[in-house]
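See structure below.
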Amino acid sequence: AQSVTQLDSHVSVSEGTPVLLRCNYSSSYSPSLFWYVQHPNKGLQLLLKYTSAATLVKGINGFEAEFKKSETSFHLTKPSAHMSDAAEYFCAFSGGYNKLIFGAGTRLAVHP
Amino acid sequence: GAGVSQTPSNKVTEKGKYVELRCDPISGHTALYWYRQSLGQGPEFLIYFQGTGAADDSGLPNDRFFAVRPEGSVSTLKIQRTERGDSAVYLCASSDLRVGGTGELFFGEGSRLTVL
């Protein structure tokens, strides 16, 4: 079965320090993978997506993610956290025709 | 409109009542999706429309849930005999799956349903 697992339900960082949000996937074929961000009372916004082109994917707001087939991972990183990055982040897997299968989410807290 | 619009933004109802949630997708988007997001969980797929037809309804939890998209644009999610466990945020998304389209899903802000 295809699935994504977000390894941390909560991550807390200081402003200006690096962010790492972990995602592992399970798939029998080469997947399309996504990261979405959800701010309180807002819709989900696409940060970036991997669709079998370059393994290092750059997204909006300074985020990037690296697809590692050997580790079945697609971790999200940012070199320096901003207060505005505090939100819920979801890793997702495309199950065909863009039907997305989401992880449980990681809540990112950024403190001064 | 510029984005996916969902109404109502909040709905409080009593157990056993009937509820309709509406989604107005981005103009021209052929694909429309409904998801349900329970507290502390990621969105869970419910149903996918390509045009007017439900191409995949495998995520609907039971026969109390039904969705329509009669003209290939606006969609309505219908829940009969609501139960407390139906309380969640119902998200709608649309996508342009035509040749040349990006295929990206654009989400609305959701309809928060509370069943008392």
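Values quoted throughout were computed directly from the atomic coordinates according to the rules given, and no laboratory measurement underlies them. Bear in mind that the values here come from a model prediction, so they are computed numbers and not experimental data. Backbone-built Cβ (ideal geometry, glycine too); neighbour counts: all protein chains shown.
Would you say B:D24 is within 14 Å of chain A (Cβ to nearest Cβ) and touching a Leu at 6+ places or on another chain (Cβ under 9 Å)? When the stated conditions are applied, B:D24 does not pass them. The set of residues from segment A:9-29 being within 14 Å of A:S94 (Cα to Cα) and loosely packed, with under 11 Cβ neighbours inside 10 Å comprises A:S28, A:Y29.
The lone criterion from (1) part of a loop (DSSP other than H, G, I, E, B); (2) under 29 Å from A:A87 (Cβ atoms) left unmet by B:F49 is number (1). Under the condition of being away from chain A (no Cβ under 13 Å), assigned to a strand (DSSP E or B), out of contact with any helix residue (DSSP H, G or I) (no Cβ under 7 Å at 6 or more places or on another chain) and of a type outside the set (K, R), the residues counted in segment B:57-116 number 9.
Among the residues of segment B:52-79, those that are exposed (fewer than 14 other Cβ atoms within 10 Å of the Cβ) and out of contact with any strand residue (DSSP E or B) (no Cβ under 7 Å at 6 or more places or on another chain) comprise B:T52, B:G53, B:S58, B:P61, B:N62, B:D63, B:P70, B:E71. When the residues of segment A:75-112 are filtered to those that are polar (S, T, N, Q) and within 14 Å of another protein chain (Cβ to nearest Cβ), the one that is surrounded by the most Cβ atoms within 10 Å (Cβ to Cβ) is A:T106. Taking the numbered list (1) under 26 Å from B:S5 (Cα atoms); (2) surrounded by 12 or more Cβ atoms within 10 Å (Cβ to Cβ); (3) not small (G, A, S) in turn, A:P40 passes all entries but (2).
Identify, by number, the condition in (1) within 30 Å of B:S9 (Cα to Cα); (2) touching a Leu at 6+ places or on another chain (Cβ under 8 Å) that A:Q45 doesn't meet. That leaves (2) as the condition not met. For segment B:27-46, a residue qualifies if it is within 10 Å of chain A (Cβ to nearest Cβ) and either within 27 Å of B:A2 (Cβ to Cβ) or touching a His at 6+ places or on another chain (Cβ under 7 Å) (or both), and the qualifying residues are B:A31, B:Y33, B:Y35, B:Q37, B:G42, B:P43, B:E44, B:F45. Considering segment A:34-78, the qualifying strands (runs of 3 or more DSSP E), each wholly inside and each with 3 or more residues that are touching a Phe, Trp or Tyr at 6+ places or on another chain (Cβ under 8 Å) and closer than 16 Å to A:G103 by Cα, run over A:45-50, A:73-78. Inspect segment A:63-74 for any residue being farther than 20 Å from B:Y48 by Cβ, within 14 Å of another protein chain (Cβ to nearest Cβ) and either in contact with a Leu (Cβ under 8 Å, 6 or more places away or on another chain) or among the acidic types (D, E) (or both) and give the result as yes or no. Among the residues of segment A:63-74, not one is farther than 20 Å from B:Y48 by Cβ, within 14 Å of another protein chain (Cβ to nearest Cβ) and either in contact with a Leu (Cβ under 8 Å, 6 or more places away or on another chain) or among the acidic types (D, E) (or both), which makes the answer no.
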